[in-house]
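> Encoded as structure tokens, here's the structure I'll be asking about.
The values are calculated or read from the model by the stated rules, or taken from the named source; none is laboratory data. Given the structure is predicted, the values throughout are model-derived calculations rather than measurements. We place every Cβ from the backbone using ideal geometry, glycine too, and count neighbours over all the protein chains shown.
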Amino acid sequence: MTSPFGPLVVIANPRCGRGRMQAMLPGVEGVLAAAGLRYRIVRTTHPGHATEAARHALGQGERYLVAAGGDGTVHEVVNGMLEADRPVAADAVLGVVAAGSGCDFVRSFGLPGDAVQGARHLAGDRVRPIDVGKLTYTAAGAEVTRYFPNIAEAGLGGAVVARAATLARSLGTARYACGFWLTLPRFRPATVRLEADGQAFAWRAHNVVVANCRFYGGGMQISPRSQPDDGLLDVLVMVGPKSDAFTTLPKVYRGRHLPHRNIAELRASRIRLEADPPFPIEADGETLGTTPATFEIIPAALRLKV
């Protein structure tokens, strides 16, 4: 017996959540065995391994890929499932087993943050088509393209993710908050030029959020109006003083920071962003390159198991 989508390929990052994913894998396997689901597990060993494993699985005819870990694992698996702005296999399904609060992607779909509970959602045939963002950015003087299912940002947020990556993993989800407060004092705004579906804008800004889903940074509901199946990206441009963070950040966790006089809100299917000086970019918690960058939406790019 197996899933209607075939045997599961569980692509797991055992180091996620300070080793929490490794500790939870026996419980996940117990759930799958009790449900009569056939599966195999691939434990990732290096950056990019989840992308390689996803592409290999699809190449040998497997169609049910499960990202087991945090947002970075989901990001890598999704990048293995898409190529040239199309699914590598149109009938493929993405499942997600989250390792605690380090996976914000699942929050937009009401999926559990607990790996064992999440594994119970892998049975059955219920799927939801979702959009995926496409990001073309600058790295080492060349253009690079990555796909992001959740949220990307340029500016302060990109610098925060880079800083947080240098902090001790023992901080857990507090790494992002610590990185934020360490980065904020020294970060400088830039002149931002943005084109959204042909409309041109310019601001002095310190951060630009481009969202497909709603949550990031360990539970912050930064883009509460985002719908991951509407064919649009939600853009938030922070144009006020950095001191806004002291009053706005607590509201972000509840998604009650919008509307805000110092946050410009846009919705578009294609965004071109330039900043002077260039802004650092992150997507799904992964440090990438810098602006100039283009963000696009690929409607109904994947089927998500819910």
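Table: residues versus (1) under 22 Å from residue 77 (Cα atoms); (2) crowded, with 23+ Cβ neighbours inside 10 Å; (3) small (Gly, Ala, Ser).
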{"position": "140", "(1), (2), (3)": "no, no, yes"}
{"position": "144", "(1), (2), (3)": "yes, no, no"}
{"position": "148", "(1), (2), (3)": "yes, yes, no"}
{"position": "153", "(1), (2), (3)": "yes, yes, no"}
{"position": "165", "(1), (2), (3)": "yes, no, yes"}
{"position": "169", "(1), (2), (3)": "no, no, no"}
{"position": "177", "(1), (2), (3)": "no, no, yes"}
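> Moving on. What number of residues within segment 287-296 satisfy the criterion of being under 14 Å from the mean Cα position of the chain (by Cα) and surrounded by fewer than 22 Cβ atoms within 10 Å (Cβ to Cβ)?
Residues that pass the stated criteria total 1.
> Taking residue 99, is it over 19 Å from residue 4 (Cα atoms), touching a strand residue (DSSP E or B) at 6+ places or on another chain (Cβ under 7 Å), of a type in the set (Gly, Ala, Ser) and assigned by TED's automatic domain parsing to the domain that holds residue 74?
The answer is yes for residue 99.
> Another question about this same structure. Do we have residue 248 as over 25 Å from residue 70 (Cα atoms), out of contact with any Cys (no Cβ under 7 Å at 6 or more places or on another chain) and β-branched (Val, Ile, Thr) here?
Yes; evaluated as a whole, the condition is true for this residue.
> Next question. Report those strands (runs of 3 or more DSSP E) wholly inside segment 125-167 carrying at least 1 residues which are among the β-branched types (Val, Ile, Thr) and farther than 22 Å from residue 193 by Cβ.
127-139
> Inside segment 244-257, can you point out the residues that are among the polar types (S, T, N, Q) and either under 16 Å from residue 179 (Cα atoms) or surrounded by 14 or more Cβ atoms within 10 Å (Cβ to Cβ) (or both)?
Result: 248, single match.
> If you go through segment 52-69 one residue at a time, do you hit one that is in contact with a Cys (Cβ under 6 Å, 6 or more places away or on another chain) and not assigned by TED's automatic domain parsing to the domain that holds residue 149?
Of segment 52-69, the ones in contact with a Cys (Cβ under 6 Å, 6 or more places away or on another chain) are 69.
Imposing the further condition that a residue be not assigned by TED's automatic domain parsing to the domain that holds residue 149 reduces the set to 69.
Within segment 52-69, one or more residues are in contact with a Cys (Cβ under 6 Å, 6 or more places away or on another chain) and not assigned by TED's automatic domain parsing to the domain that holds residue 149.
> What residue, of 32, 25, 37, is assigned to a loop (DSSP other than H, G, I, E, B), surrounded by 14 or more Cβ atoms within 10 Å (Cβ to Cβ) and in the same structural domain as residue 112 (by TED's automatic domain parsing)?
After ruling out the rest, the residue left standing is 37.
> Report yes if residue 293 is on the phi > 0 side of the Ramachandran plot and aliphatic (A, V, I, L, M), otherwise no. Even if it seems obvious, please write down each step before you answer.
On the way: on the phi > 0 side of the Ramachandran plot: no; aliphatic (A, V, I, L, M): yes.
Spelling it out, it is not the case that residue 293 is on the phi > 0 side of the Ramachandran plot and aliphatic (A, V, I, L, M).
> Filter segment 1-22 down to residues that are in contact (Cβ under 8 Å) with a residue 24 or more places away in the chain and in a loop (DSSP other than H, G, I, E, B) and give me whichever is surrounded by the most Cβ atoms within 10 Å (Cβ to Cβ).
This residue is 13.
> If you go through segment 78-101, how many residues are closer than 16 Å to residue 129 by Cα and outside any strand (DSSP E or B)?
Residues flagged as closer than 16 Å to residue 129 by Cα and outside any strand (DSSP E or B) within segment 78-101 amount to 8.
> A further question on this structure: Taking segment 45-72 as the region of interest, how many residues are within 20 Å of residue 152 (Cβ to Cβ) and assigned to a strand (DSSP E or B)?
Total satisfying the criteria: 2.
> Take segment 31-55 and flag every residue that is farther than 25 Å from residue 285 by Cα and without any contact (Cβ under 8 Å) to a residue 40 or more places away in the chain.
Within segment 31-55, 33, 34, 36, 38, 39, 40 meet the criteria.
> Condition first: of a type in the set (Val, Ile, Thr) and in a helix (DSSP H, G or I). Now tell me which residues in segment 168-188 satisfy that.
The answer is 183, and nothing else.
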